[in-house]
Amino acid sequence: MARKRVNTTKCEIIQHATKLFLEVGYSATPPKRICDELDISTGNLTYYFPTKEHLLTVLVEMLCDFQRKLLQDAVEEGQTSLLAVCLELVTMTAASEDNESAKDLFLSSYSSPMCLEIIRKNDNERAKMVYGEFCSDWDEEQFAEAETLVSGIEYATLMTTDVSAPLEMRITGALNNIMRIYNVPEELRKTMIQKVLKIDYRTLGKTVLENFKDFVYQTNELSFQTLQSDVGQFKEVTV
C-alpha cells in the first residue's frame, strides 16, 4: 500500500512543478515553493527528483511528445513535414518573444545537459525522417553532428538581448542555416521561409503555447487518474 502512496506523491509533484514552470517560469520556481504547495518536506521532493533539473526533464519529455504529435497532425492534414518543422521553431521563438515564462523554460531546457540530451535525441530521430531525402548518404554520426549545430542555432535564436536582431530576421537566418546544414536546396529553403513569414506566427505562437499547456495538464491529469484507479483496484483486491 505504501508503494502506491509513493507513486501518488511523485505524480502530484510532477503536476504542481510543471504547472509552476509553465505559468511562473522554471528559474522563478524554487524547490521550496513546490514543497510548500504540496505540504511535503524538501527531502520528500529530492527522494523522487534529486534536483530541479530532473523535474525539468519530465516537462521536456512532454514537450517532445507534443511536438511529435504536432508534426504527425500536420502531415496528416496535408502539410509537408519540412514546413511543419520550420513552423515549430518559429512558434517556439514567437512564443518566447511574448511570454517570459516560455522563454525561460526553453532557454533553461537548452542550457541543461540532461534536457539537451533529450532534445537532441528526439530531434535527431525526426531529422532523419524530415531531411532524409537530402542526406541519403549520411550515417548516424553525421546526423548527430548536425543536430549539435542545429540545437546551438535554436538556442541562439531564442536568446535575445537589447541589441538582438528583430524577430523576423532571426527566424529567417535560423531556418536558412538549419535547412542548409541538412542540404535542403536553396530554392526550397526560400520557399519554406516565404511561407512561414506569410503566416501570423506571433498569434500562432501564443496558440501553440496554450495548446502545449493544455497537453501537459491533460497528460498529468490522465496519469493521476490512472494511478488513482490502480490504487482503487489494489484496495479491492486486498479487502
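Listed by first and then second residue, the pairs with beta-carbon distance under 7 Å, at least 6 apart or on different chains, first residue in region 108-125 and closer than 10 Å to GLU147 by Cα, second outside any helix (DSSP H, G or I), form an empty list. Restricting attention to region 20-62, the residues being within 14 Å of MET114 (Cα to Cα), assigned to a helix (DSSP H, G or I) and either modelled with pLDDT under 95 or not β-branched (Val, Ile, Thr) (or both) number 7. Does any residue of region 57-68 turn out to be of a type in the set (Lys, Arg) and over 15 Å from the mean Cα position of the chain (by Cα)? The answer is no, given that none of the residues of region 57-68 is of a type in the set (Lys, Arg) and over 15 Å from the mean Cα position of the chain (by Cα). When VAL75 is tested against (1) in contact with a Ser or Thr (Cβ under 7 Å, 6 or more places away or on another chain); (2) modelled with pLDDT of 95 or more, exactly one condition is not met: (2).
Looking at region 106-126, is at least one residue among the basic types (Lys, Arg) and within 27 Å of THR51 (Cα to Cα)? Yes: one or more hits. You will find that of THR191, THR160, THR207, the residue that is crowded, with 16+ Cβ neighbours inside 10 Å, farther than 15 Å from ARG120 by Cβ and either out of contact with any strand residue (DSSP E or B) (no Cβ under 8 Å at 6 or more places or on another chain) or not aromatic (Phe, Trp, Tyr) (or both) is THR160 and no other. Applying the condition of being buried (at least 16 other Cβ atoms within 10 Å of the Cβ) and not aliphatic (A, V, I, L, M) to region 59-80 and asking which residue is farthest from SER223 (Cα to Cα) yields GLN67. Consider region 14-46 and keep the residues that are touching a residue at least 12 places away in the same chain (Cβ under 8 Å) and among the acidic types (Asp, Glu). The one that is surrounded by the fewest Cβ atoms within 10 Å (Cβ to Cβ) is GLU23. In the condition set (1) within 25 Å of GLU141 (Cβ to Cβ); (2) of a type in the set (Asp, Glu); (3) exposed (fewer than 15 other Cβ atoms within 10 Å of the Cβ); (4) under 11 Å from the mean Cα position of the chain (by Cα), GLU117 is compliant with all but (4).
For region 137-183, enumerate the residues that are assigned to a loop (DSSP other than H, G, I, E, B) and free of Cβ contacts under 8 Å to residues at least 40 places away in the same chain.
Kept after step one, since they are assigned to a loop (DSSP other than H, G, I, E, B), are these residues of region 137-183: 137-139, 159-166, 182-183.
Matches in region 137-183: ASP137, TRP138, ASP139, THR161, ASP162, VAL163, SER164, ALA165, PRO166.
Quick one: is LYS103 surrounded by fewer than 18 Cβ atoms within 10 Å (Cβ to Cβ), touching a helix residue (DSSP H, G or I) at 6+ places or on another chain (Cβ under 9 Å), basic (Lys, Arg) and assigned to a helix (DSSP H, G or I)? Criteria not met by LYS103.
Return a yes/no flag: does region 4-18 have any residue that is of a type outside the set (Val, Ile, Thr), touching a His at 6+ places or on another chain (Cβ under 9 Å) and modelled with pLDDT of 90 or more. No: zero hits.
The values are calculated or read from the model by the stated rules, or taken from the named source; none is laboratory data. Bear in mind that the values here come from a model prediction, so they are computed numbers and not experimental data. Neighbour counts are summed over all protein chains in view; Cβ atoms, including those assigned to glycine, are modelled from backbone coordinates with ideal geometry.
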